[in-house]
Each structure stands twice: as structure tokens, then as C-alpha cells.
Amino acid sequence: MRNVNKETITQAFMDYCAADTEPRLRFILERLVHHLHAFARETELTHEEWRSGIDLLTRTGHITDAHRNEFVLFSDLLGLSSLVDMIHSSEDATPSSVLGPFHVLGAPLLPVGGDLIRNNEGDPLVVSGRVKGAKGEILAGAELEIWQTAANALYSSQDENQSEYNLRARQVVGADGRYCFSTVRPVPYEVPTDGPGGEMLRATGRHAWRPSHLHIIVRAPGYRSLVTELFPDNDPYLDEDAVFGVREGIVMHYEPHESRDDLPADLEIRDTIATPYLMVDFDFVLAEK
Ligand code: BEZ
Ligand code: FE
């Protein structure tokens, strides 16, 4: 098109795409450019604003490496990661939530009833429940992956003073679909603020806190894998999670207990856990593929 103007440029972009462009790619690009052009028209984006946007993206690229992805953090802080999660979360299943940047592969297997507290400080917490399908069927052999912060608000992958897999485990449920482990209550923490994501938070008067949570992935053959988090109902940041990960259905009560008699029989540290301790019972529900 030769006579491109403010109104025709969006269609001109589409006309430039070859007819045999892969249909999903064509659709996504069409909608992306439609909204991008509409955004520029609506805001009357200035050259200076356009340049600072390009500069922001450039710096986001420069700070990104194999251990840190500032683009993902930006997506989290803008609510895009959570929106994509919610669009694809099944109505029949436990709500999903953000994966975050601190998941690492290779966590060791922990038997049902096993302990993650070891040398960690913090309030003892016993987490147990079952893994089920949407019709209530028990998913024997399902696998859980668990990771969380230590008392200093750092994940083991951020802290050279923690062992590689501290507060990380995989657990395979038995024929009864039951999982169980002891750990310490996770603590709230701030997402990294030393990059362009942090600049956006400061420029908009936002804080970087996430409410405390346990990260969990649940997998079972024939079912959609669930990436989620469990939040305690008394966390001060529940209503203002910096990355929009909190959903009703994954907020739960950590019940305080005094007596070890209330503990599950198969808990490895049943006779030695410090009292009082907290306990939570939560069933995960997976949707069929
Ligand atoms: C996390 O929960 O580990 C996390 C999620 C998004 C951004 C930063 C951290
Ligand atoms: Fe986290």
C-alpha cells in the first residue's frame, strides 16, 4: 500500500502477511497489531514515550540471563502471566497459579509422611490431603513437586547458604492418593526490584511483596498437570499480591495444634515435631486431558 495513513496502516500490515501464513500465527499477529495500533492512537503516544518503551525493553533484555528472566517478571507484574493461567485453568480443577522463577528440576523424592524441616527455622507446618480427578476418583501414583522459601525469605536457588534442594521435594502418592509432609510455614517475600520491573513498581507506587505460599505442581497420567500455590488465609499480602497469583480455592486455613496426637500416623517426625504446630488438609483436583 502506498497511501498509508493512520486509519489504513493496521489493514496494510495484514495485507503484507502472505496468504499461506500459519493461521494461528496470522490470527495472533493480527490481533496484536490491531491492539498495539489502537493503543498508540488512543494514547497519542509521543516519540519520547515510544523511545522510553524501547529503552525499557532493551534493558529488560540486557538483565535477562540463564538464571533470571526479567521479561517473565514483567509479564507477572503486569498481570499477563496470571491472565494466561486463568484463561486455561479448568473450572473442574483446583485453580492454577503462577510458576514463578524459582522452580528447579531434580528435587529429591520424599516418602509420604516425610520431613522437609531438617535444619530450617520457622513455624512447623504439616500439609496433607489427596490427589483426585474431577469426579472424585483417587489418582494413585500422582506426583507432587513442592518448593518454598526458607525463614530468610529466600529460595535455595537464591541463597548459597542453603543446600541445593533445601525445602524442595517430589512426592509420589500411594494407592489411597494421599500426600503428606512436614515443613516450615513459608514467609512473604519481595520479587526482585533491581531491574526494569522494579522501576515500574516504584514509578507507580506499588510494592513488591508476594503473600507467603507453597508452590506445588501435581501430575498424573491422563490428567492435565496443575501448577499452583497454596496461601494461608491470614497473610497480610493476600489482597495485594504483586503478581496477581491469589485465587479463592487455593487460600486455606493453617490450623494451630498443641497435641502431637492430632498428627497423621505416618508422619516421620511425629514424636519430635515442635509444638505448637500448624496443620492444613487440602485435596488437589486435576482435570482430565
Ligand atoms: C514466585 O512465586 O516465586 C514468584 C512469582 C512471580 C515473580 C517472582 C516470584
Ligand atoms: Fe514463590
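The values are calculated or read from the model by the stated rules, or taken from the named source; none is laboratory data. The model shown is predicted, which means the values in this text are computed figures rather than measured ones. When we count neighbours, we look across all protein chains shown, and the Cβ atoms used for this are built from the backbone with ideal geometry, even at glycine. All accessible areas refer to the heavy atoms of the entire protein, side chains included, with ligands and DNA or RNA removed. Shrake-Rupley method; radii C 1.70, N 1.55, O 1.52, S 1.80 Å.
Remarks
- Apart from one condition, Lys6 fits all of (1) among the basic types (Lys, Arg); (2) within 16 Å of ligand 1 (Cβ to nearest atom); (3) surrounded by fewer than 11 Cβ atoms within 10 Å (Cβ to Cβ); the exception is (2).
- All of (1) touching a helix residue (DSSP H, G or I) at 6+ places or on another chain (Cβ under 7 Å); (2) touching a residue at least 40 places away in the same chain (Cβ under 8 Å); (3) buried (at least 16 other Cβ atoms within 10 Å of the Cβ); (4) farther than 30 Å from Ala274 by Cα hold for Pro192 with one exception: (3).
- Filtered by the rule that a residue be touching a strand residue (DSSP E or B) at 6+ places or on another chain (Cβ under 7 Å) and either within 16 Å of ligand 2 (Cβ to nearest atom) or in a helix (DSSP H, G or I) (or both), segment 245-255 gives Gly245, Val246, Ile250, Val251.
Here's the yes/no breakdown for (1) within 16 Å of ligand 1 (Cβ to nearest atom); (2) closer than 14 Å to Leu230 by Cα; (3) in contact (Cβ under 8 Å) with a residue 60 or more places away in the chain:
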| position | (1), (2), (3) |
| --- | --- |
| Gly133 | no, no, yes |
| Gly141 | no, no, yes |
| Asn152 | yes, no, no |
| Asn166 | yes, no, no |
| Gly174 | no, no, yes |
| Gly177 | no, no, no |
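- Only listed residue being within 16 Å of ligand 1 (Cβ to nearest atom), in a loop (DSSP other than H, G, I, E, B), in contact with a strand residue (DSSP E or B) (Cβ under 8 Å, 6 or more places away or on another chain) and on the phi > 0 side of the Ramachandran plot, chosen from Gly122, Gly100: Gly100
- Near pairs, Cβ below 8 angstrom, 6+ apart or cross-chain, from segment 195-217 (over 13 Å from Gly100 (Cα atoms) and among the hydrophobic types (A, V, I, L, M, F, W, C)) to any residue that is within 13 Å of ligand 1 (Cβ to nearest atom) and in a strand (DSSP E or B): Ala208/Glu190; Trp209/Tyr189; Trp209/Glu190
- When segment 200-244 is filtered for residues that are assigned to a helix (DSSP H, G or I), under 22 Å from Leu83 (Cβ atoms) and touching a Ser or Thr at 6+ places or on another chain (Cβ under 9 Å), only Leu201 remains.
Let's see how each residue does on (1) over 30 Å from Leu267 (Cβ atoms); (2) more than 14 Å from the chain's Cα centre (by Cα); (3) open to solvent by less than 100 Å² (accessible area, probe 1.4 Å); (4) modelled with pLDDT under 95:
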residue	(1), (2), (3), (4)
Cys17	yes, yes, yes, yes
Thr60	yes, yes, yes, no
Arg68	yes, yes, yes, yes
Leu80	yes, no, yes, no
Met86	yes, no, yes, yes
Thr94	no, no, yes, no
